[in-house]
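Visitor: One structure is given below, represented as structure tokens, and several questions about it will come after.
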Amino acid sequence: MTTTTRPPLIGHHALHNRFHIGGTLTLESPLRLSSGRANDETDAPVMRGTDGVPYIPGTSLRGALRAWLERMLACAPGYRSCTLFERDESSEACLTASRSKQQKLQEILDDPGKGELDALGYIEAHLCDVCRLFGSTHFAGKLVVDDARAVGDANAATRIRDGVGIDRDTGTAAHNIKFDYEVVETESTFPLSLWAENLTPHEGTLVQLLIHALQQGEIVLGGKRGGGFGRVQLGETVEVQGFTDPEDHLNKLLLEESGYSPLTLDDLPATTAGEEG
């Protein structure tokens, strides 16, 4: 019997596992995601596709998920978190935030005696947990978030609201600073579609954590969040499909079968209680 040696679970040059996570997001409060271009109806229309249906850009949802995870892991022992624009030269600093570690990585890349796996190993060892999952300037992320196009009668569930500028000195409405904006109203629904691949147990745990945060309504999207806008909640029904055995996945594709099997969140690689990633 021949034993196949698989490449290590770092980098994107080999596909070890892939998961698709789907569900339904429901607005718990109005959502303001402005397109940035005024039209004849309002100063700030919501984001719409070419068919006129409102949607949540995958980048917006992905950014909200990342920001929430950064804040949570900054207070969680056993995890590492940074922000993309900070600078930190401590020994525990993330590669994204450390100029000295970035220089060390460049030295590895320039060294003729080193190889790709040396660079990937350094990147894996010195990126924080958030950057390993969502990516940085040195490593592409493992989590992809699709655009979420509103379902049902979402076009009828938008409304134009009035806003005024506030004078900072008097605390009253400023003179001649009136505007309006469009929102998607409460109870509108959007499909959630996440793709994750090459997850380690540590990263699988973080994906599970993000799904649970969505189900608890902890993720907030869009503008006017200080006014209570943008709260979304993921329904209890979460569908997971994917594969954890690349050889079996390949064989199914060769037989023109679906390479993805029905799974649950528990099938994602994950750490056990007290185990470090």
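Visitor: Among the residues of the stretch 48-69, what is the count of those that are touching a helix residue (DSSP H, G or I) at 6+ places or on another chain (Cβ under 8 Å) and outside any helix (DSSP H, G or I)?
Guide: Residues that pass the stated criteria total 3.
Visitor: Can you confirm whether the stretch 88-95 contains a residue that is in a helix (DSSP H, G or I) and surrounded by 13 or more Cβ atoms within 10 Å (Cβ to Cβ)?
Guide: Yes; the residues of the stretch 88-95 include at least one that is in a helix (DSSP H, G or I) and surrounded by 13 or more Cβ atoms within 10 Å (Cβ to Cβ).
Visitor: Restricting to the stretch 100-118, name every residue that is within 18 Å of ASP129 (Cα to Cα) and basic (Lys, Arg).
Guide: Residue satisfying the conditions is LYS101 alone.
Visitor: Moving on to the next point. Taking the criterion of being under 30 Å from ALA125 (Cβ atoms) and either among the polar types (S, T, N, Q) or surrounded by fewer than 16 Cβ atoms within 10 Å (Cβ to Cβ) (or both), would at least one residue in the stretch 228-245 satisfy it?
Guide: The answer is yes; a qualifying residue exists.
Visitor: Here's something else I'd like to know. Search the stretch 1-34 for residues being aliphatic (A, V, I, L, M) and modelled with pLDDT of 90 or more, and hand back the single one that is nearest to ASP180 (Cα to Cα).
Guide: Within the stretch 1-34, the match that is nearest to ASP180 (Cα to Cα) is LEU31.
Visitor: Check ASP147 against each of (1) over 30 Å from VAL184 (Cβ atoms); (2) touching a strand residue (DSSP E or B) at 6+ places or on another chain (Cβ under 6 Å); (3) of a type in the set (D, E, K, R) and name the one condition it does not meet.
Guide: If we test ASP147 against (1) over 30 Å from VAL184 (Cβ atoms); (2) touching a strand residue (DSSP E or B) at 6+ places or on another chain (Cβ under 6 Å); (3) of a type in the set (D, E, K, R), just (1) comes out false.
Visitor: When only residues in the stretch 108-119 that are free of Cβ contacts under 8 Å to residues at least 24 places away in the same chain and surrounded by 11 or more Cβ atoms within 10 Å (Cβ to Cβ) count, which is nearest to the chain's Cα centre (by Cα)?
Guide: Within the stretch 108-119, the subset free of Cβ contacts under 8 Å to residues at least 24 places away in the same chain is 108-115, 118-119.
Restricting the remaining residues to those that are surrounded by 11 or more Cβ atoms within 10 Å (Cβ to Cβ) gives 108-109, 111, 114-115, 118-119.
Details: ILE108: 30, LEU109: 29, ASP111: 34, LYS114: 33, GLY115: 31, ASP118: 28, ALA119: 25 Å.
Ranking the candidates gives ALA119 first.
Visitor: How many of the residues in the stretch 128-144 are aliphatic (A, V, I, L, M) and out of contact with any strand residue (DSSP E or B) (no Cβ under 6 Å at 6 or more places or on another chain)?
Guide: 2
Visitor: Can you name every residue in the stretch 120-155 that is within 25 Å of the chain's Cα centre (by Cα), in a helix (DSSP H, G or I) and either among the small types (Gly, Ala, Ser) or surrounded by fewer than 19 Cβ atoms within 10 Å (Cβ to Cβ) (or both)?
Guide: LEU120, GLY121, GLU124, ALA125, ALA154
Visitor: Which residues, taken from the stretch 232-266, are touching a residue at least 60 places away in the same chain (Cβ under 8 Å) and closer than 24 Å to GLN216 by Cβ?
Guide: VAL232, GLN233, LEU234, GLY235, THR237, VAL238, GLU239, VAL240, GLN241, GLY242, LEU263, LEU265
Visitor: A follow-up question, please. Give the number of residues within the stretch 58-80 that are buried (at least 18 other Cβ atoms within 10 Å of the Cβ) and either basic (Lys, Arg) or under 16 Å from HIS202 (Cβ atoms) (or both).
Guide: Going through the stretch 58-80 one residue at a time, the tally reaches 7.
Matching residues to (1) in contact with a helix residue (DSSP H, G or I) (Cβ under 7 Å, 6 or more places away or on another chain); (2) among the β-branched types (Val, Ile, Thr):
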site	(1), (2)
SER98	no, no
GLN103	no, no
ILE108	yes, yes
ASP118	yes, no
HIS126	yes, no
ALA140	no, no
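Visitor: Would you say ALA44 is surrounded by 12 or more Cβ atoms within 10 Å (Cβ to Cβ), over 16 Å from SER136 (Cα atoms) and at pLDDT below 95?
Guide: Values: surrounded by 12 or more Cβ atoms within 10 Å (Cβ to Cβ): yes; over 16 Å from SER136 (Cα atoms): yes; at pLDDT below 95: yes.
It is true that ALA44 is surrounded by 12 or more Cβ atoms within 10 Å (Cβ to Cβ), over 16 Å from SER136 (Cα atoms) and at pLDDT below 95.
The values are calculated or read from the model by the stated rules, or taken from the named source; none is laboratory data. Note that the structure is a prediction, hence the values are computed from the model and not measured. Here Cβ is always computed from backbone atoms with ideal geometry, including for glycine, and neighbour counts include all displayed protein chains.
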